[in-house]
Amino acid sequence: MENAIVMTTAVLGIVQAFKIAGLPAKYSPIVAILVGAVIYVAMAGISPANIITGVVIGLSAVGLYESGSRVGDKDLISPQEKEAYLRNRNK
């Protein structure tokens, strides 16, 4: 469990790689939970406690992503500036 922070960020990175490869965003929480469980069980061995710990790591990755994506949701700029930013971001 001492590696939970590192594993959470690793799960987050792996899920982002899946999303870049074409995974629909609506499935990313499920993938994060599965990846977290598989990685932790692979490192610590199969036991119910390790599976639950892996699931919690996956859920932590989902929460980290969601909280990070919400930081920019405040409308601190005008709608026109936001639209211009979104258009130029994908270029």
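The values are calculated or read from the model by the stated rules, or taken from the named source; none is laboratory data. What you see is a predicted model; the values in this text were computed from it and never measured. Please note: Cβ atoms are built from the backbone with ideal geometry, for glycine as well, and neighbour counts cover all protein chains shown.
Restricting to segment 1-55, give me the number of residues that are within 18 Å of residue 69 (Cα to Cα) and of a type in the set (Gly, Ala, Ser).
6
Among the residues of segment 1-35, count how many are closer than 17 Å to residue 51 by Cα and of a type outside the set (A, V, I, L, M, F, W, C).
Within segment 1-35, residues that are closer than 17 Å to residue 51 by Cα and of a type outside the set (A, V, I, L, M, F, W, C) number 4.
Which of the following residues is loosely packed, with under 12 Cβ neighbours inside 10 Å and of a type in the set (A, V, I, L, M): 52, 20, 14, 57? Step through it out loud before you land on a result.
On the way: 52 fails: loosely packed, with under 12 Cβ neighbours inside 10 Å; 14 fails: loosely packed, with under 12 Cβ neighbours inside 10 Å; 57 fails: loosely packed, with under 12 Cβ neighbours inside 10 Å.
None of the other options fit; the residue is 20.
Would a scan of segment 64-83 turn up a residue that is at pLDDT below 95, in contact with a helix residue (DSSP H, G or I) (Cβ under 7 Å, 6 or more places away or on another chain) and assigned to a helix (DSSP H, G or I)? Show your work before the answer.
First, pick out the residues of segment 64-83 that are at pLDDT below 95: 64-83.
Checking the rest, the ones that are also in contact with a helix residue (DSSP H, G or I) (Cβ under 7 Å, 6 or more places away or on another chain) come to 64-65.
In the following step, the residues that additionally are assigned to a helix (DSSP H, G or I) were identified as 64-65.
Yes, some residue in segment 64-83 is at pLDDT below 95, in contact with a helix residue (DSSP H, G or I) (Cβ under 7 Å, 6 or more places away or on another chain) and assigned to a helix (DSSP H, G or I).
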